[in-house]
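I have placed the structure first, in the form of structure tokens, so that the comments after it can refer back to it.
The values are calculated or read from the model by the stated rules, or taken from the named source; none is laboratory data. Every value quoted in this text rests on a predicted model; they were computed, and no experiment measured them. Cβ coordinates were reconstructed from backbone atoms using ideal geometry, including for glycine residues, and neighbour counts include every protein chain displayed. Heavy atoms of the whole protein, side chains included, go into the accessibility calculation; ligands, DNA and RNA do not. Shrake-Rupley method; radii C 1.70, N 1.55, O 1.52, S 1.80 Å.
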Amino acid sequence: MDSVEDERIPFSLRPEWSDVKPIPQNDGPNPVVLISYKDDFRETMDYFRAVYLSDEKSPRSLGLTSEAIEMNPGNYTVWHFRRLVLEALNADLHAEMDFVSHIAESNSKNYQIWHHRRWVAEKLGTEAMSMELQFTKKILALDAKNYHVWSHRQWVLQALGGWEDELDYCQQLLEDDVYNNSAWNQRYFVITQSPILGGLEAMRESEIRYTSEAIITRPDNESPWRYLRGLYKGDTKLLVSDPQVSTLCMEVLKSNPNCVFALGLLLDLLCYGFQPCREFRSVVEALGDLDSSTSDVKLANTVCSILESVDSMRSNYWAWRKSNLPSQAC
């Protein structure tokens, strides 16, 4: 970077800019705190203001925005003007993608960059689909939880396509790191939004099996527990009546009696009207040191008490849950 800055020629010494009068930043007569800009940045923005205010949509204006963005990739006014110039010049958008990729690799959490990239991709249409999916994969390989990249990838899938391999991609990410909550979120996005998988109802059974295996392997991982709830999408009757859910809770609690996520789901099942079988009841009774005559009412209270103890960070929440148990559970 130092060598590049050393070789940079000031705009005032470039013959092609000799006809332009730079416009300094106006901070008013009595600025409270003057910002100490570097000289090259100050000059670049002075010339940018000149072409912006004169609405000059020319190749040199495009080059000027490139330099301004290199210096400050977060300047939304420069990005906006660049789009106007690109349209006016009918510029090569594939070359523009190369420029954006260069900027994004070192500024991958910049809102302006991803907004601009989406704009370019929209202009290119479906031909940009493969390129965008590959580019987001590249960035996610460096930061698997980058919200901006995931948001852009979801937009690409919905606007340009590319659903065919997305579930396999999510599975690969989860094989690499089963705690990757972003990959779990993307998996849910795919099974609910993909036009080729049949929707949540068609995918529910296979996804319950997949999620249950992940939970049994890592019961301390909150993401698959949340994912499991999402597979029922607010249908509490289905959640309560599906024996796979209560069986999973029971199996986890047998070996991990203090598993907060299993206990939390169990509490919800009891509050929704779940009627535990004898085996399930015996597992919960063992956790709370209760006898076989314990009512479902006492079970829910006991689960809350256990959660108050094992999840001390949220003990007040569990105490509140206990005091607000529905009538059928208290």
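The set of residues in region 90-128 being more than 19 Å from Gly162 (Cα to Cα) and without any contact (Cβ under 8 Å) to a residue 24 or more places away in the chain consists of Asn90, Asp92, Ala95, Asp98, Val100, His102, Ser106. Listed by position, the helices (runs of 4 or more DSSP H) enclosed by region 1-104 that each have at least 1 residues that are among the aliphatic types (A, V, I, L, M) and open to solvent by 70 Å² or more (accessible area, probe 1.4 Å) are 2-7, 39-53.
Among the listed residues Glu213, Glu166, which satisfies the condition of being closer than 26 Å to Leu267 by Cα and out of contact with any strand residue (DSSP E or B) (no Cβ under 6 Å at 6 or more places or on another chain)? Even if it seems obvious, please write down each step before you answer.
Values: Glu166 fails: closer than 26 Å to Leu267 by Cα.
Matching residue, one of Glu213, Glu166: Glu213.
For region 125-171, the tally of residues that are surrounded by 13 or more Cβ atoms within 10 Å (Cβ to Cβ) and either among the hydrophobic types (A, V, I, L, M, F, W, C) or within 15 Å of Pro195 (Cβ to Cβ) (or both) stands at 23.
Residues in region 297-316 that are under 11 Å from Asn258 (Cα atoms) and within 30 Å of the chain's Cα centre (by Cα): 3 in all.
Number of residues in region 189-201 that are touching a helix residue (DSSP H, G or I) at 6+ places or on another chain (Cβ under 9 Å) and part of a helix (DSSP H, G or I): the value is 7.
Just checking, does region 240-251 include any residue being over 30 Å from Cys277 (Cβ atoms) and in a helix (DSSP H, G or I)? No; the residues of region 240-251 include none that is over 30 Å from Cys277 (Cβ atoms) and in a helix (DSSP H, G or I).
Here Ile191 clears all of (1) more than 16 Å from the chain's Cα centre (by Cα); (2) crowded, with 16+ Cβ neighbours inside 10 Å; (3) farther than 22 Å from Pro224 by Cβ except the condition numbered (3). Kindly list the number of the only condition in (1) closer than 29 Å to Leu174 by Cα; (2) assigned to a helix (DSSP H, G or I); (3) not β-branched (Val, Ile, Thr) that fails for Arg281. Condition not satisfied by Arg281: (1). Reported count of residues in region 172-188, each being of a type outside the set (Phe, Trp, Tyr), surrounded by 18 or more Cβ atoms within 10 Å (Cβ to Cβ) and in a helix (DSSP H, G or I), is 7. Selection of region 129-175 for residues being more than 17 Å from the chain's Cα centre (by Cα) and in contact (Cβ under 8 Å) with a residue 24 or more places away in the chain yields Met129, Ser130, Met131, Ala159, Leu160, Gly161, Gly162, Trp163, Glu164.
Residue-by-condition table, conditions (1) in contact with a Leu (Cβ under 9 Å, 6 or more places away or on another chain); (2) in a helix (DSSP H, G or I); (3) surrounded by fewer than 16 Cβ atoms within 10 Å (Cβ to Cβ); (4) of a type outside the set (S, T, N, Q):
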position	(1), (2), (3), (4)
Met203	yes, yes, no, yes
Glu213	no, yes, yes, yes
Lys233	yes, no, yes, yes
Leu238	no, yes, yes, yes
Lys254	no, yes, yes, yes
Leu267	yes, yes, no, yes
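Pairs linking a residue in region 195-210 that is more than 12 Å from Lys233 (Cβ to Cβ) to a residue that is open to solvent by 90 Å² or more (accessible area, probe 1.4 Å) and β-branched (Val, Ile, Thr), with Cβ atoms under 9 Å and 6 or more positions apart or on different chains, do not occur.
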